Amino acid sequence: MSSADNYKDFDQSHILDTSDLLEELENKCGGQDGEACNNLGVRYLLGKDVAVNKEKAVEYFRRACDASLPDGCYHLGLTQYHGSGTPVSMPDALASFEKACNLGEGGSCNNLGIMYQTGSGVEKDADAAADFFAKSCSLDDATGCLNAARTAAVVKETADMVKFLQKGCNLESIAACFSLGSAYLHGTGVEKDNLRATAMFGKACRLGSADGCFLLGVSHFTGNGVALDKAKGAKYYRIACEKGSSQGCIAFAECLMHAEGVPANPAAAQHIYQRGVALKRQEDAAKAARGGAPPPSSQ
């Protein structure tokens, strides 16, 4: 499974920022120091200050997990799931994620939710998946909150959906902030509130969402939820375009063509409009490749 499946994958931030020599880490790991074992596992998996040795990494993760380090079990589960340094084994991955989840590692709870949702190594169980996503969110995993919200939306539990989206957005999930903005914009699970919708799109934009920037531009350009300010609207259309939004490029081109919020510049407008058209073709091609499904959202 990849991050596109909203599966929490390997994170290099687990590398401990330490000046310990490898020999010292080896000694600590030998003394059942789970953090040291996990640190060594990450280093051997990624080739951090040592030659890549995935089999050795697995052994260190196993020792970290045996020492009941949540991250060690999480990493062990990933190697078992992906077959990195060890044969693929869904039952083993499930057991490692379960131990990590029980130890409070939220990403592992989310991964269990995905496995139960998709039937990977276990029979499909939508209720179990929903429970694991909710637990992941309760442990402050943003991806878990997003998946919990999506699961709630499927069964029309819109109040729960909004609750999970709000927490995910608080944890700075771009997709959660954007989805929460859409909920307020359309009145899904909450009263329609253009001001809050604009605030959520603004946060999504600040976190890097091209679509969030575009809709923030729409709010300012039309005065929907905020004071009408075409200059600000054009500014956010430009930012959306720079981030890869076809809609942002086309809207900004219109601003430049008609001198709305910015000085007229027909030559630049034509160039930016063509960029928007090219981006739209790419978006349509990607959508067709997915069979019409919406694009996977980042955290």
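Values in this text are rule-based calculations from the coordinates and carry no lab data. The model shown is predicted, which means the values in this text are computed figures rather than measured ones. Backbone-built Cβ (ideal geometry, glycine too); neighbour counts: all protein chains shown.
About the Cα centre of the stretch 211-284, what is the dipole size in debye to 20, counting +1 per Lys and Arg Cβ and -1 per Asp and Glu Cβ, all else neutral?
On the way: 8 positive and 7 negative charges, 27 e Å.
The dipole of the stretch 211-284 has a size of about 120 debye.
Farthest toward the dipole's positive end in the chain, which of G106, N39, A240, given Cβ charges of +1 (Lys, Arg) and -1 (Asp, Glu) about the Cα centre?
Among G106, N39, A240, the one farthest towards the positive end of the dipole of the chain is A240.
If you place +1 on the Cβ of every Lys and Arg, -1 on the Cβ of every Asp and Glu, and leave all else neutral, what size is the dipole of the stretch 90-166 about its Cα centre, to the nearest 20 Debye? Spell out each step's value before the answer.
Numbers: 6 positive and 11 negative charges, 42 e Å.
Once rounded to the nearest 20, the dipole reads 200 debye.
Pop out the ³J(HN,Hα) list for the stretch 154-164 in order, Karplus 6.51 cos²θ - 1.76 cosθ + 1.60 with θ = phi - 60°, rounded to Hz; leave Gly and Pro as x.
4, 9, 6, 8, 5, 5, 5, 4, 5, 4, 5
Quick check on the stretch 36-194: take the gyration tensor over C-alpha atoms, sort the square-rooted eigenvalues as a ≥ b ≥ c, and tell me if it's rounded (a/c under 1.5), prolate or oblate. Before the final figure, lay out the partial values.
Values: a/c = 2.90, a/b = 2.05, b/c = 1.41.
Judged from the Cα gyration tensor, the stretch 36-194 comes out prolate (a/c at least 1.5, a/b above b/c).
If you take the square roots of the eigenvalues of the alpha-carbon gyration tensor of the stretch 175-299 and sort them as a ≥ b ≥ c, do you get rounded (a/c under 1.5), prolate (a/b over b/c) or oblate? Mind dumping the intermediate values first?
Numbers: a/c = 2.34, a/b = 1.14, b/c = 2.06.
Because a/c hits 1.5 or more and a/b fails to exceed b/c, the stretch 175-299 counts as oblate.
Please provide three numbers in whole Å: the alpha-carbon extents of the chain along the principal axes, with the largest listed first.
Result for the chain: principal-axis Cα extents of 70, 43, 34 Å.
For A159 paired with L195, estimate the spin-label separation in nm (one decimal), with each label point 7 Å from Cα along the Cα-to-Cβ line.
So the label points at A159 and L195 sit 2.4 nm apart.
For the stretch 123-207, take N as its residue count and report Rg(C-alpha) divided by 2.2 N^0.38 Å. If you can, show how the numbers build up before the last one.
On the way: Rg = 12.4 Å, N = 85, 2.2 N^0.38 = 11.9 Å.
Dividing the Cα radius of gyration by 2.2 N^0.38 Å gives 1.05.
Select from Q166, I272, L22 the residue farthest towards the positive end of the dipole of the chain; place +1 on Cβ of Lys and Arg, -1 on Cβ of Asp and Glu, and compute about the Cα centre.
Value computed over the given set: I272.
Placing unit charges on C-beta atoms (Lys and Arg positive, Asp and Glu negative, everything else neutral), compute the dipole magnitude of the chain about its Cα centre in debye, rounded to 20.
Details: 29 positive and 36 negative charges, 291 e Å.
Roughly 1400 debye, rounded to the nearest 20.
Given axes a ≥ b ≥ c from the Cα gyration tensor, I'd like to know whether the stretch 214-259 is rounded (a/c under 1.5), prolate (a/b larger than b/c) or oblate. Mind dumping the intermediate values first?
Numbers: a/c = 2.32, a/b = 1.37, b/c = 1.70.
Cα axes put the stretch 214-259 in the oblate bin.
Quick check on my link table: of K99/K203; K124/K243; K28/K48; K99/K163; K48/K280, which ones sit more than 30 Å apart, alpha carbon to alpha carbon? Write out the running numbers ahead of the final one.
On the way: K99/K203 35 Å; K124/K243 38 Å; K28/K48 18 Å; K99/K163 27 Å; K48/K280 40 Å.
Correct reply: K99/K203; K124/K243; K48/K280.
Pull out the extension gain between H186 and E283, defined as 0.36 nm times the separation in residues minus the alpha carbon to alpha carbon distance; nm, one decimal.
Values: separation 97, 0.36 × 97 = 34.92 nm, distance 2.37 nm.
Result for the pair: 32.5 nm of gain on full extension.
Work out from phi, with θ = phi - 60° and the Karplus expression 6.51 cos²θ - 1.76 cosθ + 1.60, the ³J(HN,Hα) of each residue of the stretch 40-52, listed in order in whole Hz, and give x for Gly and Pro.
5, x, 4, 4, 6, 5, 9, x, 8, 6, 9, 6, 4
For the chain, what is the mean residue ellipticity at 222 nm derived from helices alone (per DSSP H run of n ≥ 4: -39500 (n - 2.57); sum divided by total residues; nearest 500 deg cm²/dmol)? If you can, show how the numbers build up before the last one.
Details: 15 runs with 202 residues, N = 299.
Roughly -21500 deg cm²/dmol at 222 nm, from the helical runs in the chain.
Could you give the nm distance between label points at E23 and S84, where each point is 7 Å from its Cα heading toward the beta carbon?
3.0
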